[in-house]
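Chemist: Have a look at this one before I ask anything.
The values are calculated or read from the model by the stated rules, or taken from the named source; none is laboratory data. What you see is a predicted model; the values in this text were computed from it and never measured. Every residue, glycine as well, gets a Cβ built from its backbone with ideal geometry; the counts of neighbours run over all protein chains shown.
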């Protein structure tokens, strides 16, 4: 089996050589708690060595896939049918954009007939093991322990296209999460075929694409006309700005929509933006602004995750603009303005 369903990541600049074997032993013995510390230490080391946020997120995603592989292999020893299945990652894992605190967004493609009670027992054990290893449970239930997130090829295709085609459907699959996925464990051919069928469905069904664009219509620039930041008005995060939901999510969604429309192949947001720029769908200066903004915002999320670990708090995505120095405030404003411009580009249909 090819590691991570894509390519090996051990070696220089990635996960330390030999760690996967260590993870396998820890998974078999049920001693994965130490993985939390290893994960954070690696992220800090990569950043200290000068890795960009883009590179650090890719390395972290691949490290997390090593953890998944170790856990799945350990479970396959008890549930042999699991070796015939394919474990999929959705969302940030599918785009190689994970940060400390990224939770589980996964599904299981099951091509063989298996007793449902046994599947329940196996998948419940898998998600609990991953949670123990630092990949927290998904609040929205996007996990293999949920029957909605497993099935054979036909069941997956019908489910995903059904969600995309029904405007009344609302749930954790919204914002295009189901369009960014890849195989982590097991054969990847069926997953690639599923992804191709799904992307082709969206590209050829105007209503599917329009629903994705419609999700951007409620976007509000988190800056006032006078350039002040629009922050939370009440609660524990009063005065803070959620850089993921207020800014990054809209960059991710807009880049995905343009990639769907123009058949751009990369999974990763930065790679999509670059490819769209090279094809002339986004102006070159705008590409630079978007990449600078993504790098700044995602680096903030990495730093926040590490700082939260140091002080014993769960990771979050909030920044206090008032606590930033002038240079950082300018970078945050530039990122917001670049994303707002991209959202308006998609909404207006320019380049579509």
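Chemist: For residues that are surrounded by fewer than 22 Cβ atoms within 10 Å (Cβ to Cβ), touching a residue at least 12 places away in the same chain (Cβ under 8 Å) and part of a helix (DSSP H, G or I), tally how many sit in segment 261-274.
Modeler: Summing the residues that are surrounded by fewer than 22 Cβ atoms within 10 Å (Cβ to Cβ), touching a residue at least 12 places away in the same chain (Cβ under 8 Å) and part of a helix (DSSP H, G or I) in segment 261-274 gives 3.
Chemist: I'm trying to understand the selection: among the residues of segment 180-224, which are under 30 Å from residue 74 (Cβ atoms), touching a strand residue (DSSP E or B) at 6+ places or on another chain (Cβ under 9 Å) and in contact (Cβ under 8 Å) with a residue 40 or more places away in the chain?
Modeler: 180, 181, 182, 183, 184, 185, 186, 187, 188, 190, 191, 194
Chemist: Let me ask something else. On the basis of being assigned to a helix (DSSP H, G or I), under 23 Å from residue 255 (Cβ atoms), touching a residue at least 60 places away in the same chain (Cβ under 8 Å) and assigned by TED's automatic domain parsing to the domain that holds residue 270, does residue 342 make the cut?
Modeler: Spelling it out, residue 342 is indeed assigned to a helix (DSSP H, G or I), under 23 Å from residue 255 (Cβ atoms), touching a residue at least 60 places away in the same chain (Cβ under 8 Å) and assigned by TED's automatic domain parsing to the domain that holds residue 270.
Chemist: Tell me, which residue of segment 21-50 that is free of Cβ contacts under 8 Å to residues at least 12 places away in the same chain and in a loop (DSSP other than H, G, I, E, B) is surrounded by the fewest Cβ atoms within 10 Å (Cβ to Cβ)?
Modeler: Checking each candidate, the answer is 50.
Chemist: Now for a separate question. In the set 293, 305, 277, which member is free of Cβ contacts under 8 Å to residues at least 60 places away in the same chain, closer than 30 Å to residue 235 by Cα and in a helix (DSSP H, G or I)?
Modeler: On inspection, the qualifying residue turns out to be 293.
Here's the yes/no breakdown for (1) modelled with pLDDT of 90 or more; (2) closer than 30 Å to residue 332 by Cα:
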{"position": "179", "(1), (2)": "no, yes"}
{"position": "184", "(1), (2)": "yes, no"}
{"position": "187", "(1), (2)": "no, no"}
{"position": "191", "(1), (2)": "yes, no"}
{"position": "207", "(1), (2)": "no, no"}
{"position": "218", "(1), (2)": "no, yes"}
{"position": "239", "(1), (2)": "yes, yes"}
{"position": "244", "(1), (2)": "yes, yes"}
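Chemist: Here is a further query. Do you know which residues across segment 116-168 are within 21 Å of the chain's Cα centre (by Cα), part of a helix (DSSP H, G or I) and within 16 Å of residue 32 (Cβ to Cβ)?
Modeler: Answer for segment 116-168, where residues must be within 21 Å of the chain's Cα centre (by Cα), part of a helix (DSSP H, G or I) and within 16 Å of residue 32 (Cβ to Cβ): 126, 127, 128, 129, 130, 131, 132.
Chemist: So, one more: Take the residues in segment 308-327 that are assigned to a helix (DSSP H, G or I) and in contact (Cβ under 8 Å) with a residue 12 or more places away in the chain, then tell me which one is farthest from the chain's Cα centre (by Cα).
Modeler: 322
Listed here are the residues, each with its yes/no results for (1) buried (at least 21 other Cβ atoms within 10 Å of the Cβ); (2) within 18 Å of residue 317 (Cα to Cα); (3) touching a residue at least 12 places away in the same chain (Cβ under 8 Å).
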| site | (1), (2), (3) |
| --- | --- |
| 90 | yes, no, yes |
| 94 | yes, no, yes |
| 100 | yes, yes, yes |
| 104 | yes, yes, yes |
| 107 | yes, no, yes |
| 113 | no, no, no |
| 120 | no, no, yes |
| 129 | no, no, yes |
